[in-house]
1. Which distance in nm do the two modelled labels at Leu42 and Glu372 give, with both placed 7 Å along the Cα-to-Cβ direction?
2. Report the charge-dipole magnitude of segment 277-411 in Debye, nearest 20, computed about the Cα centre from +1 at each Lys and Arg Cβ and -1 at each Asp and Glu Cβ.
3. What is the calculated FRET efficiency for Asn236 to Ile401, with r their C-beta to C-beta distance and R₀ = 56 Å, to the nearest 0.05?
4. Hey, if you put +1 on the Cβ of every Lys and Arg and -1 on every Asp and Glu Cβ in segment 294-412, which of Ile394, Gly327, Ala296 ends up farthest toward the positive end of that dipole?
5. How far is helix 85-96 tilted, in degrees, relative to the longest principal axis of the Cα atoms in the chain, given as a value from 0 to 90 rounded to the nearest 10?
6. What is segment 6-274's relative contact order, in percent, from Cα pairs under 8 angstrom and six or more apart in sequence?
7. Give me the one-decimal nm value for the distance between modelled label points at Ala122 and Asp311, 7 Å along each residue's Cα-to-Cβ direction.
8. Using only the alpha-carbon atoms, how far is helix 164-174 inclined from the longest principal axis of the chain? Give it as 0 to 90 degrees, nearest 10.
Amino acid sequence: MSKFSFTTGILHCDRQDPIEHGSVHKPIHTAVAFGYEDARDLADVFQGKVFGYSYGRQSNPTVEALQKKISLMEQGLASVAFGTGMGAIGTALFSLLRSGDHFVSSSFLFGNTNSLFASFQAIGVDVTFVDATDVAQVESAINERTKLVFVETIANPRTQVSDLEAIGELCRERALIYFVDNTMTSPYLFLPKNVGASLVINSLTKCIAGHANVLGGTVTEMGNYDWTQFPNIYDNYKKGDPRLWGITQVRKKGLRDFGAALAPEAAHHVAVGAETLALRMERSCENAMALCQFLARQPRVKKVFYPGLEDHPQHERSRKLFRHFGGIFSFELEDDIDLFNFMNSLDIVIASSNLGDNRTLAIPVAHTIYYEMGPERRASMGIADSLIRISVGIEETDDLIRDFEQALSKVA
Ligand SMILES: *Cc1c(COP(=O)(O)O)cnc(C)c1O
């Protein structure tokens, strides 16, 4: 399938395998259990000698088709799907790390990932948070117990961009697993494989599904890491192609034991959304750029954070790495403006916590999604009380600009 370009590949991916009744996309298979004529076949499936389905928690034909599609989009070797993005991150790390291990993480993180990593610390997996826009800080946090480095591409809400290439090089030199959360860029804007990522996370809930009607997550193996060097693989999973040992442990041990499985109906919704990922991203990135350029000119706006603006600290890096600059930005209003009054003055833009929706959404960050982490951690992440994050949808650009314009005039 790699001979096709992005959207063509997604649209025709399911039909590369035999597909029931000539369906143009994979149907929804709701069966939880799968029966075998010959009981020996069932045993062979369990022992991994042949591919087949056994029980819905491990996989299902509809979920399998989506996993193939995500692998195609990320140009990876294999993917495992989960019920949510958090299910993917938590299960992958839990099945690969052991008590006493250490990992380095960007301190600019999705709030729930930050909370999850604090839970890892509580059960004896050590985490050091660093400013990952600078590879030197990642390097100085590595110790002899370090197993992996975790970064996001464009961090929300402040849009810091990790030093993705240099960290990839560092991980290769030090034989560390390089874990990249590609949710904010999606495989349409950026392929983490090209900077040496070992495992890639996508919250399917966001841009890939795109319509705010389904939750999902995936972990994808890129084939860049030598799993024979990794001490935490159980003997049972040291079989076949060593490039797949890690993802096999995530699937067989992690997904099976934790059970954060993706439902077949959800997999179908994600697959339908993915068909228009490129079209939606084109529009939302274009809208984001236009809105940021507009807001940066407004006297009542103190600061706009968007990798597409020339004064963004990682503007050049973003230009080099990403197809476009993304559909997320944040901004601060002047101190005398009440941000709740401003948000209530917006007509089209919805006050909501989601990201990557077709509709444009706004959220007062410090008061909501980053409230629980407290003022100190917020300050270390550069999150001011007046910061508003915008997830830009696919509405007509002029409508969005007019909405911000009239809301600003009401609070001015
Ligand atoms: C939303 C998000 C997640 C978690 O995904 P869910 O599907 O909501 O569990 C992880 N990482 C990033 C960057 C996200 O934006």
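The values are calculated or read from the model by the stated rules, or taken from the named source; none is laboratory data. Remember, it's a predicted structure, so these values are computed and weren't measured experimentally. Heads up, the Cβs are rebuilt from the backbone with ideal geometry, glycines too, and the neighbour counts pull from every protein chain shown. Just so you know, the surface numbers come from the protein's heavy atoms only, side chains and all, with ligands and any DNA or RNA stripped out. Shrake-Rupley method; radii C 1.70, N 1.55, O 1.52, S 1.80 Å.
1. A separation of 4.2 nm, rounded to one decimal place.
2. Details: 16 positive and 21 negative charges, 100 e Å.
So the dipole magnitude of segment 277-411 works out to roughly 480 debye.
3. Result of the calculation: an efficiency of 0.45.
4. Gly327
5. 50
6. For segment 6-274, the relative contact order is 24 percent.
7. Rounded to a tenth, the inter-label distance reads 4.1 nm.
8. Around 40 degrees separate the two axes.
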